[in-house]
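Right, one structure below, let's go through it.
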Amino acid sequence: ASNQMWGGRFASGPAAIMEAINASIDFDRKLYAQDIRGSLAHSEMLAQTGIISAADQEKIAHGLNTIAKEIEGGTFAFSKKLEDIHMNIEARLAELIGPAAGRLHTARSRNDQVAVDFRLWVKDEFNRVAAALKDLIAAFLDRAEEHAATVMPGFTHLQTAQPVTFGHHCMAYVEMFARDLSRVRDAIERMDESPLGAAALAGTGFPIDRHRTAKALGFREPTRNSLDSVSDRDFALEFLSVAAICATHLSRLAEEIVIWSTPQFGFVRLSDQFSTGSSIMPQKKNPDAAELVRAKTGRVNGHLIGLLTVMKGLPLTYSKDMQEDKEAVFDTAETLDLMLAAMTGMVRDLTVNEAAMKKAAGSGYATATDLADWLVRELGLPFREAHHVTGRAVALAESKKAGLEKLSLEDLRSIHLGITADVFSVLAVKNSVASRKSFGGTAPAEVKKQVRAWKKRLAKA
Ligand code: ARG
């Protein structure tokens, strides 16, 4: 049997393998609600502009609402023969309302139909990601407020660099996830245009009202070029790239949690709710959730490269290749939602070991820069010379297997005669941190200011 949608010029139906490679219903059924919304808006516009009768429109709307209930109730029979969600719904509409169903596809093609459905879906998902990001940022703000003065080592090259506070470290993630949030908002702004009415690729001779359907579907305005409307998947690529950058942030955080929760570091302890044990080693508490967040980032990044590669060789306008856009986006959405939720849970639940952080903050000559800064400030040494003097102090301390603050005044004066007992005040971790009051610095007062500012900003974001 030939196809009921285009059987006119076909003598036979497709080979089984053709059907298998062609069908997208197994994944694009996810778009059913968007497809029905799009069809309702389209049919209302067709009736309003006199292209179809009000009576036919009523039948169409009634049929579409019935189909929505059937799908939601699990009684709808999806058919692979009908290829995709668009044709599954239209075929069922014909069963339900007869010939009027055939008028729905006037001035429309599956090309603009799938473009509008997918945009609606991606826009909703962008909004879900925005809400999840706000939850994660809120969790970090709470932890930052609580630990604005908790000292820990700051690292470069994963080598102890200078003391910072855990609150400041949390606020670094607030900045990162807030940029992700703003990328989501920007992307929504750019994609907020309706391709419906571009028809197959060239527009239509029917007197349709694209502004009307755009508004009905909650888009800011219609797209301006019919060719671009059906061949553009930038919104999907932007979703995937926003997701990849966000996942990369989550993965770096996951890596820090993995490191921090080792017995060797012991900076944090994960709650029982967000860790697992070992079937053989009774002492183990493993950061599986963090490791999986780190690993799933590979999958998210892969989807971005996958769709970029699908799109890169396509001539305008629609090619069937573009059907491959959906699984990448659906899987990324599901994965990212899960990653964000798991990370928010971990951040809220983890226990901070202040004593271990403090001990580590005081080791590794973390206050060497403070000594150099003191030499500049109090003795007027050029920074490069102060750096050199401090290096010798570190070498001396190292030879005595002691911290800088454990050197005697004589030890220090043997390196530079100008040094006085006042220097010991800056060698203490707490003072080091408190002195870094420059805008955006790690001083607890500065961290608290940033927390306050972000709480206000987040309420409006
Ligand atoms: N299932 C198709 C997709 O997801 C719908 C559009 C089909 N259009 C076409 N001209 N074959 O891309």
Report summary line: Each label sits 7 Å from Cα toward the beta-carbon; between THR66 and PHE206 the label points are separated, in nm, by 2.1
Query - For region 317-365: accessible area per residue (Å², 1.4 Å) - result: 41
Query raised in the report: Which aspartates and glutamates have a Cα less than 18 Å from the Cα of LYS285, not counting those fewer than 8 places away in the same chain?
Result: GLU255, GLU256, ASP272, ASP349
**Report entry** region 1-61-region 107-134 distance, computed between alpha-carbon centres (Å)
**Finding:** 19
Report summary line: The correct ranking of HIS303, HIS147 by accessible area at 1.4 Å, largest first, is HIS303, HIS147
Query raised in the report: In nm, what is the difference between 0.36 nm times the number of residues separating TRP6 and THR106 and their Cα-Cα distance?
Result: 34.6 nm
Query raised in the report: Using a simple spin-label model with points 7 Å from Cα along the Cα→Cβ vector, what separation in nm is obtained for SER279 and ASP192?
Result: 5.2
Requested in this report: Work out from phi, with θ = phi - 60° and the Karplus expression 6.51 cos²θ - 1.76 cosθ + 1.60, the ³J(HN,Hα) of each residue of region 266-273, listed in order in whole Hz, and give x for Gly and Pro.
Outcome: x, 6, 9, 10, 7, 6, 4, 5
**Report entry** lysines with Cα under 28 Å of LYS81, excluding same-chain neighbours fewer than 8 positions away
**Finding:** LYS30, LYS59, LYS69, LYS320, LYS326
Report task. Only Cα pairs under 8 Å and at least 6 apart count here; give the relative contact order of the chain as a rounded whole percent. Result -> 16
**Report entry** Accessible surface, 1.4 Å probe, highest first, among residues ARG9, ARG457
**Finding:** ARG9, ARG457
Report summary line: With label points set 7 Å from each Cα along the Cα-to-Cβ direction at ALA421 and LYS437, the distance between them in nm comes to 2.5
Query - Helix-derived mean residue ellipticity, 222 nm - over the chain, DSSP H n ≥ 4, -39500 (n - 2.57), to 500 - result: -20000 deg cm²/dmol
Query raised in the report: Long-range amide H contacts for ALA161: which residues qualify at under 5 Å (H placed 1.01 Å from N, peptide plane, sequence gap of 5 or more or a different chain)?
Result: GLY154, PHE155, THR156
Requested in this report: Name the lysines eligible as straight-distance cross-link partners of LYS358: C-alpha to C-alpha under 18 Å, and not fewer than 8 places from it in the same chain.
Outcome: LYS406, LYS430
Report summary line: For PHE27, the accessible surface traced by a 1.4 Å probe with all protein chains present amounts, in square angstrom to the nearest 10, to 40
Query raised in the report: To the nearest 10 Å², what's ILE67's accessible area with a 1.4 Å probe?
Result: 0
Query raised in the report: In Å², what does the accessible area per residue of region 367-413 work out to with a 1.4 Å probe?
Result: 56
Report task. Post the alpha-carbon centroid distance, region 188-257 to region 399-441, in whole angstrom. Result -> 57
Query - Accessible surface of region 374-461, 1.4 Å probe, proportion on carbon and sulfur as whole % - result: 59
Query raised in the report: For region 1-135, what's the relative contact order in percent, using C-alpha pairs closer than 8 Å and at least 6 residues apart?
Result: 30
Requested in this report: Quick one: pull the percent of accessible area on region 285-326 belonging to carbon and sulfur, 1.4 Å probe, ligands and nucleic acids left out.
Outcome: 59
Query raised in the report: With charges set only on the Cβ (+1 for Lys and Arg, -1 for Asp and Glu), what does the dipole of the chain come to about its Cα centre, in debye to the nearest 20?
Result: 940
Requested in this report: May I ask you to list the trypsin sites (Lys or Arg not before Pro) in region 153-240 that are in a DSSP loop and have at most 11 other Cβ atoms within 10 Å of their Cβ?
Outcome: ARG224
Query - Exposure of GLU19 as accessible area (Å², to 10), given a probe of 1.4 Å and all protein chains - result: 40
Query raised in the report: Rounded, prolate or oblate: which one fits region 383-426, using the alpha carbon gyration tensor with axes a ≥ b ≥ c (rounded when a/c is under 1.5, else prolate when a/b beats b/c, else oblate)?
Result: oblate
Report task. At 30 Å minimum axial length over the Cα atoms and a Kyte-Doolittle cut of 0.5, report the qualifying DSSP H helices in the chain, or say none. Result -> 234-260
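The values are calculated or read from the model by the stated rules, or taken from the named source; none is laboratory data. This is a predicted model, so every value here is computed, not measured. As a convention, Cβ positions derive from the backbone with ideal geometry for all residues, glycine included, and neighbour counts pool all protein chains shown. Each accessible area value is taken on the protein alone, full model and side chains, heavy atoms only, with ligands, DNA and RNA left out. Shrake-Rupley method; radii C 1.70, N 1.55, O 1.52, S 1.80 Å.
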